[in-house]
Amino acid sequence: MKPLLSLLLLLASVVSLHAQKRTTMPTQYREFRPSVITLKDGRKLSQPLTNIFLKNSSLLYLSGTLTKEANMDNILSVDFEDRSYINLNGQLAYLIDSVAANRLYCIELFDLDTYERNLRNNNNITNLSLGEQISTTSIDLNTEEDFKFPVFRHFYMLYQGEYVKMHERDIWHILPKEQRHMYKSIISQDNFSWTSPECLMQLLRAITSNQ
């Protein structure tokens, strides 16, 4: 095998390992579906055909034959049949679980840089546009895997009324000194993962019970 080809295959395998999932769709749901949108002024709107754009976790809706992106500045939350989302800094985050008044949320986004880099490695691409809508022309991909978006999950917690990114340094700074030993003990466990909702809920339960 040629060295360059070996390197590209290795890079692709690394991306697959770190992405939580891969998808052929640039949206959360394969088909547009009904949702109830709560606006920041308290009004509720029922929309029959909506979806979530994985490029920036914004709300999409169908207007006739056109797909439009909603103004996230006006949206407080969006409720689908299977998930409830809140507007977290302009991105839709879905609720995973809660303990007392604290909650764990997730924002799913695909990695545009990785996606674009992978597609550039395919010599059959003649045009690629990554604007408000994703479009490609003259693509002859060898396998379906080449055209899948690597999707990453970004976790946040609502802790004592404040949204905090689930990251070692971010959490360390908000914890009282008396909780930091317990915190380091949990995240140092061999099976702990910052990409596992179960592990993050274990952590959230621990710091909640010791408030």
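Has the stretch 96-118 got at least one residue that is over 30 Å from residue 81 (Cβ atoms) and either of a type in the set (A, V, I, L, M, F, W, C) or at pLDDT 80 or above (or both)?
no
Does the stretch 39-66 hold any residues that are hydroxyl-bearing (Ser, Thr, Tyr), in a strand (DSSP E or B) and closer than 21 Å to residue 82 by Cβ, and which are they? So that I can check it myself, show each step before the final result.
Initial filter on the stretch 39-66 (hydroxyl-bearing (Ser, Thr, Tyr)): 46, 50, 57-58, 61, 63, 65.
Filter once more, so that each one left must be in a strand (DSSP E or B): 46, 50, 58, 61, 63.
Selection gives 46, 50, 58, 61.
Please find, within the stretch 137-183, the residue that is nearest to the chain's Cα centre (by Cα) out of those that are at pLDDT 90 or above, of a type in the set (Ser, Thr, Tyr) and closer than 26 Å to residue 27 by Cβ.
Result: 156.
Filter the stretch 75-110 down to the residues that are in a strand (DSSP E or B), in contact with a Ser or Thr (Cβ under 8 Å, 6 or more places away or on another chain) and not hydrophobic (A, V, I, L, M, F, W, C) and list them by number.
77, 79, 84, 85, 87, 91, 94, 102, 108
Kindly evaluate residue 39 against the criterion of being more than 16 Å from the chain's Cα centre (by Cα), at pLDDT below 95 and not acidic (Asp, Glu).
no
From (1) of a type outside the set (Phe, Trp, Tyr); (2) in contact (Cβ under 8 Å) with a residue 60 or more places away in the chain; (3) not in a helix (DSSP H, G or I), pick out the condition that doesn't hold for residue 114.
(3)
This table checks each residue for (1) in a helix (DSSP H, G or I); (2) in contact (Cβ under 8 Å) with a residue 12 or more places away in the chain; (3) more than 20 Å from residue 101 (Cα to Cα); (4) out of contact with any Gly (no Cβ under 9 Å at 6 or more places or on another chain).
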{"site": "152", "(1), (2), (3), (4)": "no, yes, yes, yes"}
{"site": "172", "(1), (2), (3), (4)": "yes, no, no, yes"}
{"site": "182", "(1), (2), (3), (4)": "yes, yes, yes, yes"}
{"site": "193", "(1), (2), (3), (4)": "no, no, yes, yes"}
{"site": "203", "(1), (2), (3), (4)": "yes, yes, no, yes"}
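The values are calculated or read from the model by the stated rules, or taken from the named source; none is laboratory data. Values in this document were obtained by computation on a predicted structure and should not be read as measured data. Neighbour counts run over all protein chains shown; Cβ positions are idealised from the backbone, glycine included.
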